[in-house]
Amino acid sequence: DTAVSQTPKYLVTQMGNDKSIKCEQNLGHDTMYWYKQDSKKFLKIMFSYNNKELIINETVPNRFSPKSPDKAHLNLHINSLELGDSAVYFCASSQEGQSTGELFFGEGSRLTVL
Amino acid sequence: SQQGEEDPQALSIQEGENATMNCSYKTSINNLQWYRQNSGRGLVHLILIRSNEREKHSGRLRVTLDTSKKSSSLLITASRAADTASYFCATDTGRRALTFGSGTRLQVQP
């Protein structure tokens, strides 16, 4: 069974379109994240949610809107896509504790904006 | 600027050799973690070292942490072609998410 699954794996779309990436974890974790990995492999936190509550919202354009219907799901909706949004987006989860422990990552969703 | 920066950016060695990667960070940490990413895949956790620990081992992996120098190293002994991947350090600074660097790309030649 896949612990953290995200769909779609590949997404090719035109500038200006709206798209969503879905993520689900079956680990029973409290916290979920979205990370963006750019072409230089740098991985940057975008959002984190704990029990459906937004904890971290980095300086991400408000075209990006995360939605957590329950603690096992964290979806990412992107409006008015721009060329610079092209990247690999990773969902991850962890068990909340006094410190941030091991993150479990999905396989990534490669977004290409043309 | 990045919290974690790995050095070198790329490393090419022969099978059987040891590979050493370094990570420097800027602010105080609760723990430091190393992850591996195979091409086109997600990151996989390798090892976690807490701020009060100095060294940790897991199989062929050895991690050291020097909080006075704000640095860590990952040593992979007796490397194999299957170890070819990118390796990332990540720091927990208490902000409830890990901060990653840009990784070291390791190529192990058979």
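Here are the numbers for the structure shown:
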quantity	calculated
Per residue solvent-accessible surface (Å²) - the stretch A:5-54, probe of 1.4 Å	53
Total charge dipole magnitude, the stretch A:48-114, about the Cα centre, Cβ charges on Lys, Arg, Asp, Glu only, Debye to nearest 20	160
Dipole magnitude of chain A about its Cα centre (Cβ charges: Lys, Arg +1; Asp, Glu -1), debye to nearest 20	340
Mean projection area, nm², convex hull over Cα of the stretch A:8-72	5.3
Histogram of C-alpha separations across the protein assembly as shown, 10 Å bin width, %	8, 33, 35, 19, 4, 0
Top of B:ALA85, B:ALA97, B:ALA19 by mean-square fluctuation, Gaussian network on chain B, Cα under 10 Å	B:ALA97
Fluctuation leader among A:SER65, A:SER86, A:SER99 - chain A, Gaussian network, Cα springs under 10 angstrom	A:SER99
GNM top mover of A:PHE90, A:PHE47, A:PHE104 - chain A, alpha-carbon springs below 10 Å	A:PHE104
Trypsin sites (Lys or Arg not before Pro) within the stretch B:10-56, DSSP loop, no more than 15 other Cβ atoms inside 10 Å	B:LYS26, B:ARG41, B:ARG54
Heavy-atom accessible surface of the stretch B:58-110: percent carbon and sulfur, 1.4 Å	47
Solvent-accessible ranking of B:LEU75, A:LEU27, A:LEU111, largest area first, probe 1.4 Å	A:LEU27, B:LEU75, A:LEU111
Reach of A:LYS44 by Cα under 22 Å, taken over lysines that are not fewer than 8 positions away in the same chain	A:LYS9, A:LYS19, A:LYS22, A:LYS36, A:LYS52, A:LYS67, A:LYS71, B:LYS26, B:LYS70
Length gained when the stretch B:ASP66-B:ASN38 is fully extended (0.36 nm per residue, less Cα-Cα span)	7.3 nm
Shielding score for B:25-34, defined as the mean number of other chain Cβ atoms within 10 Å	1
Tail fraction, Cα-Cα pairs, the stretch A:31-114, threshold 21 Å, whole percent	26
Residues in the stretch A:26-48 that a label on A:GLN95 would reach, taking backbone N under 12 Å of a point 7 Å out along Cα→Cβ	A:27-31
Estimated inter-spin distance, B:THR27 and B:ARG80, nm [label 7 Å along Cα→Cβ]	3.9
Accessible area buried at the A-B interface, both sides summed, 1.4 Å probe (Å², nearest 100)	1900
Pairwise FRET efficiency - B:ASN18 versus A:SER5, Cβ, R0 = 45 Å, nearest 0.05	0.80
Label-point separation, B:SER58 to A:GLU82 (7 Å along Cα→Cβ), nm	3.8
Inter-centroid distance (Cα atoms) of the stretch B:9-72 relative to the stretch A:1-80, Å	26
Cα-centred dipole magnitude for chain B, charges only on beta-carbon of K, R (+1) and D, E (-1), debye, nearest 20	320
Loop GluC sites (Glu not before Pro), the stretch A:1-85 (other Cβ atoms within 10 Å of the site Cβ: 15 or fewer; DSSP)	A:GLU58, A:GLU82
Solvent-accessible area per residue for chain B (1.4 angstrom probe, square angstrom)	46
Over chain B, equivalent-ellipsoid semi-axes from the Cα gyration tensor in Å	23, 14, 12
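The values are calculated or read from the model by the stated rules, or taken from the named source; none is laboratory data. All values derive from a computational prediction rather than experimental measurement. Quick reminder, even Gly has a Cβ in these numbers, built from the backbone with ideal geometry, and neighbours come from all protein chains shown. SASA here: full protein model, heavy atoms, side chains in, ligands and nucleic acids out. Shrake-Rupley method; radii C 1.70, N 1.55, O 1.52, S 1.80 Å.
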